[in-house]
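One structure is given below, encoded as structure tokens.
The values are calculated or read from the model by the stated rules, or taken from the named source; none is laboratory data. Just so you know, these numbers come straight off a predicted model, no measurement behind them. As a convention, Cβ positions derive from the backbone with ideal geometry for all residues, glycine included, and neighbour counts pool all protein chains shown.
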Amino acid sequence: MMDSWLSEFAVGLSAFSIPLFIFFARVCDVSLGTIRIILVSRSRRSLATMFGFIEILIWLAAISQIMLNLTDIANYIAYAAGFATGTFVGMTIERRLAMGSLVVRVIVPREAEDLIVYLIAAGFDVTRLNAEGALEPVTVIFTVVKTKELPRVLDILRKFQPRAFYTVEDVRTARDPAHAVPQTSMRQQLLQPFYWFRKSK
């Protein structure tokens with residue numbers, strides 16, 4: 001039954017439209033794969049499972065056309081091009097979504113009061129610790145920020161401490177009852193790049 005369904009599906013596609021279908025199918029499934037990986041890292045099991053189901057269905061549709069048309073080199077090129085384009089699109093989607101939070105850890109010389117004051121004035125919660133470095137006393141600064149706010153934090157850091165050592169890590173869970181704010185749902189975050197369609201109507 002599956003073979004007959006694939007055969008009927010292949011007949012409905014012309015020699016030109018098959019590579020085009022494979023290309024766009026690969027773009028879609030690789031992009032969905034990127035989102036699925038993000039969801040897995042955020043422990044969103046239900047959404048990750050749903051995206052994985054859709055992703056593999058699209059991939060099966062694309063690979064079935066490759067297997068039914070093994071002699072057509074255009075299909076191979078479309079498959080590879082779709083994968084490459086999907087990787088680019090997926091990275092773009094990841095940047096646009098900017099989901100989750102990050103912890104920024106900065107190690108600076110002990111005289112870093114101006115940097116700390118500026119970060120606090122910019123609206124970032126800062127925790128600092130006095131520590132001993134290999135050569136001199138240092139200050140370790142911690143702040144948890146939204147992913148989309150990371151460029152602003154790094155700009156401030158470069159302005160006040162251009163030679164500072166810093167690391168950035170993903171945060172799976174972060175909660176501060178003293179500064180609790182309404183959280184954006186994962187569904188709203190995923191649909192956020194498409195909200196401009198509503199505004200344009």
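At-a-glance table
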{"item": "Candidates Ala80, Ala112, Ala174 - the one that is modelled with pLDDT of 85 or more and either surrounded by 13 or more Cβ atoms within 10 Å (Cβ to Cβ) or among the hydrophobic types (A, V, I, L, M, F, W, C) (or both)", "result": "Ala80"}
{"item": "Counted residues, the stretch 125-143 - those being closer than 28 Å to Ile37 by Cβ and crowded, with 18+ Cβ neighbours inside 10 Å", "result": "1"}
{"item": "Scan of the stretch 43-87 for residues that are touching a residue at least 24 places away in the same chain (Cβ under 8 Å) and either touching a Pro at 6+ places or on another chain (Cβ under 8 Å) or part of a loop (DSSP other than H, G, I, E, B) (or both), ordered by number", "result": "Ser43, Arg44, Asn69, Asp72, Ala74, Asn75, Ile77, Ala78"}
